[in-house]
Every structure is written in C-alpha cells, then in structure tokens.
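Below is one structure, written out as structure tokens; comments come after it.
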Amino acid sequence: MTIPHIRNRVLLGVAAGGLAAVLAACGGGGNGSSSGDSSSDNSTGSGSGTQVTAEMTDFHIDLSTQKFQPGEHIFTVHNKGGHTHGLQIEGPGGENRSKDIEPGQSTTLTVNLKSGSYEVYCPVDGHKDLGMKTEITVGGAPAPSTDGNASPGNGY
C-alpha cells in the first residue's frame, strides 16, 4: 500500500510542476519583478526623449499622440486591463519590445524612431489579433487610425 501512495504523490508533483511551467510560459510576467515601474532592456536611460503614454486595456492600445517625429521616444506603458500585456514597436528603426506587465503595472520602453511607418501592438498570446494593434507614421502625416475603438475583438 505504501508504494502506490508514493507513486501517486510523485505523479501529482510532476503534474503540478508541468502546470507551473506551462503557466510561466504563457506570459507569466517578464523578468519576475513585482515592481510597478521598471525600465525594459531596450531603455537607453537618458530620459531626454519625447514622452508618450501607451494605455493597454483588454484589448486596445491608446497612445497619447499620433504625431511622431524622428528621434528618441520614451513610451510609458500602463496596463489598465485584466490580462498581462506588453508593447512591441516594429518598423524602420527595428523591433523593440517592453517586458510583459501584469494588470495595474507600468514599464517604460525607449525607442529611437526613424522616418517611416511602424506597427505598434501587444505581443502577448494573440492579443494583436484581438485588436491590440495600431500603426504610427514618423516624420509625416499621422497614419489613419486602424482601431477607433471599433476594431474586431475590441468588445472581447
């Protein structure tokens, strides 16, 4: 009777460990910091760039401006949703990604934007496909809004 009891405990431990690994891989929280504000690895730390606020909700991104000029921009990302979110910016200046942040947390992402079009989105678990995306144009007229609070999946 002792061996089946031990085997059941071992199997339960293995199953719990596997579940913990799966949950950690599904956007469990970036670098493990519980701090509300921290800089991402992409931050230059100079603090002299144009300040931009990015509010992340389920499932929408609201930027404080749609007019961008070339140069350094410091995106302050606030997660006001109920899920883990992050911010990724892709375009002529390369790819830049913030750490993933839990609901109620914030982080910063410093990006050197060059002239051209950029895609801004949440890279977490298909959130981009649920409407957490927008486009910006640097150095010219602002890109037309692709979300306008009516993107597919916004009411999700």
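Number of residues in the range 60-79 that are open to solvent by 10 Å² or more (accessible area, probe 1.4 Å) and under 16 Å from Leu130 (Cα atoms) equals 2. Do we have Val120 as within 18 Å of His60 (Cβ to Cβ), part of a strand (DSSP E or B) and either in contact (Cβ under 8 Å) with a residue 40 or more places away in the chain or open to solvent by 30 Å² or more (accessible area, probe 1.4 Å) (or both) here? Spelling it out, Val120 is indeed within 18 Å of His60 (Cβ to Cβ), part of a strand (DSSP E or B) and either in contact (Cβ under 8 Å) with a residue 40 or more places away in the chain or open to solvent by 30 Å² or more (accessible area, probe 1.4 Å) (or both).
As a summary of the residue check, Pro4 satisfies the conditions (1) at pLDDT below 95; (2) open to solvent by less than 70 Å² (accessible area, probe 1.4 Å); (3) part of a loop (DSSP other than H, G, I, E, B); (4) of a type outside the set (Gly, Ala, Ser) except for the one numbered (3).
Of all residues in the range 32-44, none are open to solvent by less than 30 Å² (accessible area, probe 1.4 Å) and at pLDDT 95 or above. Can Gly91 be described as open to solvent by 20 Å² or more (accessible area, probe 1.4 Å), modelled with pLDDT of 95 or more and touching a strand residue (DSSP E or B) at 6+ places or on another chain (Cβ under 9 Å)? It is true that Gly91 is open to solvent by 20 Å² or more (accessible area, probe 1.4 Å), modelled with pLDDT of 95 or more and touching a strand residue (DSSP E or B) at 6+ places or on another chain (Cβ under 9 Å). Cβ separations smaller than 7 Å between residues 6+ apart or across chains give the following pairs from the range 123-139 residues that are within 18 Å of Gly94 (Cα to Cα) and open to solvent by 60 Å² or more (accessible area, probe 1.4 Å) to residues that are at pLDDT below 95 and not β-branched (Val, Ile, Thr): Glu135/Ala143.
Looking at the range 91-124, which of the residues that are under 10 Å from the mean Cα position of the chain (by Cα) and of a type in the set (Asp, Glu) is nearest to Gln51 (Cα to Cα)? Going through the qualifying residues, I end up with Asp100.
The values are calculated or read from the model by the stated rules, or taken from the named source; none is laboratory data. In this text, all values refer to a predicted model and were calculated from it rather than measured experimentally. Note that each Cβ is placed from the backbone with ideal geometry, even for glycine, and that neighbours are counted across all protein chains shown. Just the protein is used for accessible areas: all its heavy atoms, side chains included, with ligands, DNA and RNA removed. Shrake-Rupley method; radii C 1.70, N 1.55, O 1.52, S 1.80 Å.
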